[in-house]
1. If exposed GluC sites (Glu not before Pro) are those in a DSSP loop with at most 13 other Cβ within 10 Å, what is the longest stretch of the chain that has none?
2. Sticking with the crude label model, points 7 Å out along Cα→Cβ, report the distance from Ala284 to Asn205 in nm, one decimal please.
3. Spelling out what I want: for every residue of the range 80-88, take phi, set θ = phi - 60°, compute 6.51 cos²θ - 1.76 cosθ + 1.60 (Karplus), and round to whole Hz; glycine and proline get x.
4. Give me the net charge for the shell around Ser243: Cβ to Cβ below 12 angstrom, other residues only, Lys and Arg +1, Asp and Glu -1.
5. If one computes the Cα centroid of the range 232-260 and of the range 94-115, what distance in Å separates the two points?
6. At 0.36 nm per residue, minus the direct Cα-Cα distance, what do Thr179 and Ala37 gain on full extension? Give it in nm, one decimal, please.
7. If you roll a 1.4 Å probe over the chain with all protein chains in place, what percent of the accessible area is carbon or sulfur?
8. Over the chain, calculate the relative contact order: mean separation of alpha carbon pairs under 8 Å at least 6 apart, over the residue count, as a percent.
Amino acid sequence: MVSDTRRLAVGLAGLCTFINLYATQPLLPLFARDFQATEAQVSLTVSATTFAVAMVAPFIGVAADVLGRKRIITGAMTLLVLPTVLLALSQSLAELVLWRFVQGLLLPPIFAVTVAYIGDEWPPKEVAGATGVYISASGLGGFLGRFLSGLVADHAGWRAAFWMIAAITLVSAVTVALTLPRERRFVRAEGLKHSIRLMLGHFFNLPIAATFAVGFVVLFIFVATFTYVNFYLAAPPFELSTSALGAIFVVYLFAVVVTPMTGRWIHRLGRRALVMLTAPIWCAGLLITLLPSLTLIIVGLAVVSACGFAVQTAATSLLAQRATTARSSAVGLYVAFYYVGGSFGAALPAVVWAHAGWPGCVALVIGAVLVMTALVARFWRDERPSAA
């Protein structure tokens, strides 16, 4: 029962993070219309959040290695309600970008510290499975944030969508505060200076340092794909409505089903082999989105989603298990690189989109998959299945 309670709590932490993070993606065409802005300008409601996450994540890791886990997780989830409410009250695109930035400042204390909590509190053989539960719940949150915001915005406006997300965040925060046990195996760092030294030491561990780069590429791919596909599907010949664009993210539910199995695949194959097998499937899913069929595009996006979450589970479970000291700092650095990648994924494809449209974006993302695969092949060590 205690284990089930912990799984519920870390799952809600993942859901809370991602239901907020990408809620604006199906709303981008609405923002462009209401504020008479360009695609690049409204994409700042995504990149401002990911940039803020990247900026604060390493420092949250350092603080968490000194202060502990639960108080930071629950405190951040509670505070996250405030900027979400202020988004609903915003009167300009600049205000939206500002409060999205503030949201981003509060997400690393949830994401980074929850993964560190898993690494501390679960037995080593169960870390990949527990991480899979967290990533799966994150996928569900990513789907719900996009789907519900699009659905509500179509019927009651985008402000109502933010009110709804604020309510879900508040309920999640209260539930986690009541159900997440206090940490028992946490080893406190000697102080901030000592914690910073341990954090910098992660860059000299090549598999871990390469994992930071893998995180950068993974979110670059996700944000580039699921941001610019909205503009592609909102334009002729598809001309999807806001609620239909939100519904496209039902593909995340496929990832929610697949991701809990990733722990077993890691145990059998090892993380490196799993990523190497996933990469060509990922590229195939991207190429499918070029076919002139909405059904096939959805299939391709489902493949992209599942592959991304599988690699994300492999990377985060590697950090949770192998970073034997200053685990929060390791995850914090990973989150920083991850969301810097997300910021580039929101901004860089805008240039490609302007000149080459969706096919250009697909080519850019496939190039990123190939870079990630080369990093894993070079720097991740082969694992015996029993050691995974």
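1. Longest stretch, sites excluded: 1-189.
2. 3.5 nm
3. 4, 4, 4, x, 5, 5, 5, 4, 5
4. Taking every Cβ under 12 Å from that of Ser243, the sum is 0.
5. Spelled out, the Cα-based centre of one part sits 24 Å from the other.
6. Once the chain is fully extended between Thr179 and Ala37, it gains 46.8 nm.
7. Whole-percent figure for carbon plus sulfur exposure: 70.
8. Reported relative contact order: 29 percent.
The values are calculated or read from the model by the stated rules, or taken from the named source; none is laboratory data. On a predicted model such as this, the values are computed, not experimentally measured, just so you know. Reconstructed Cβ throughout: ideal geometry from the backbone, glycine too, with neighbour counts over all protein chains shown. Protein only, heavy atoms only, side chains kept; ligands, DNA and RNA dropped before computing areas. Shrake-Rupley method; radii C 1.70, N 1.55, O 1.52, S 1.80 Å.
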